[in-house]
Amino acid sequence: MTHQVHAFEPPERFVAGTVGPPGERTFFLQARGGGRLVSVALEKVQVSLLAEKLEELLTEAQRRFGVQLPEAAVSTGDNDPLDTPVDEEFRVGTLGLAVDVDTATVVIEAIAAGEAEAEVELGDDETDTDDEDEEPDEDLDRLRVRLTPEATREFIERARRVVNAGRPPCPLCGQPLDPAGHLCPRHNGYHR
């Protein structure tokens, strides 16, 4: 089975965004460049963690390698919606982050979720092993993006805005509130 690596080094635009109303949103990472548009779906928690870990990565790169970081963004940045059509290439299972010290860039790699554990054949011949079987991630589609520290900061700010734009949390239990309220476990199941 062939796999695709969608590489944008650097992209014209790389953003996190959503499609759908709050409570039913689907989160996407979208990269555009060179006449191509790639959108990959992921979970809200993945977007939140990506922003958090990118911030940590930038701080560590500055501390350890002296990478020059821009000041915190004052402008509102890119608030435009996702480019259309938003066609899901794959659903993200793994996110990888790295800093290329030579070019002072951040590399983000989104790897497709793999199939459920491959079927294991039990047989008498245990010597039949392939190196390819040891690295299942090599057969999965990927989105690889290389960003400057400035572009990374802009991505982090937008990702945080997108995550926080959803339903407000319940002040008692922290679960998202639906427009009609929700059954709060802190009220023993009474409607709040």
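The values are calculated or read from the model by the stated rules, or taken from the named source; none is laboratory data. These numbers come from a predicted model, not from an experiment. Positions of Cβ are generated from backbone atoms using ideal geometry, with glycine treated the same way; all protein chains shown enter the neighbour counts. These accessible areas exclude ligands, DNA and RNA; they are computed on the full protein's heavy atoms, side chains included. Shrake-Rupley method; radii C 1.70, N 1.55, O 1.52, S 1.80 Å.
Of the residues making up the stretch 150-166, none is outside any loop (DSSP other than H, G, I, E, B), open to solvent by less than 70 Å² (accessible area, probe 1.4 Å), modelled with pLDDT under 95 and over 27 Å from Val19 (Cβ atoms).
Quick check: is even one residue across the stretch 81-89 touching a helix residue (DSSP H, G or I) at 6+ places or on another chain (Cβ under 9 Å) and hydrophobic (A, V, I, L, M, F, W, C)?
Keep residues of the stretch 81-89 that are touching a helix residue (DSSP H, G or I) at 6+ places or on another chain (Cβ under 9 Å), which gives none.
No.
Considering the stretch 167-192, and only residues there that are within 22 Å of Val45 (Cα to Cα) and charged (D, E, K, R), the residue that is surrounded by the fewest Cβ atoms within 10 Å (Cβ to Cβ) turns out to be Asp178. Of all residues in the stretch 79-94, none are closer than 25 Å to Thr18 by Cβ, surrounded by 11 or more Cβ atoms within 10 Å (Cβ to Cβ) and modelled with pLDDT under 80. Cβ separations smaller than 6 Å between residues 6+ apart or across chains give the following pairs from the stretch 157-171 residues that are closer than 16 Å to Arg25 by Cα and aliphatic (A, V, I, L, M) to residues that are part of a helix (DSSP H, G or I) and open to solvent by less than 70 Å² (accessible area, probe 1.4 Å): Ala159/Val47; Ala159/Ala51; Val163/Val47; Val163/Ser48.
In the condition set (1) surrounded by 15 or more Cβ atoms within 10 Å (Cβ to Cβ); (2) over 24 Å from Thr26 (Cα atoms); (3) at pLDDT below 95, Val106 is compliant with all but (3). Does at least one position in the stretch 116-139 carry a residue that is modelled with pLDDT of 80 or more, closer than 25 Å to Thr94 by Cβ and either open to solvent by 70 Å² or more (accessible area, probe 1.4 Å) or out of contact with any helix residue (DSSP H, G or I) (no Cβ under 7 Å at 6 or more places or on another chain) (or both)? Yes, that holds for at least one residue.
Rundown of residues vs (1) open to solvent by 80 Å² or more (accessible area, probe 1.4 Å); (2) within 19 Å of Asp80 (Cα to Cα), yes/no style:
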site: His6; (1), (2): no, no
site: Glu9; (1), (2): yes, no
site: Thr18; (1), (2): no, yes
site: Phe28; (1), (2): no, yes
site: Gly33; (1), (2): no, yes
site: Val40; (1), (2): no, yes
site: Gln46; (1), (2): no, no
site: Ala51; (1), (2): no, yes
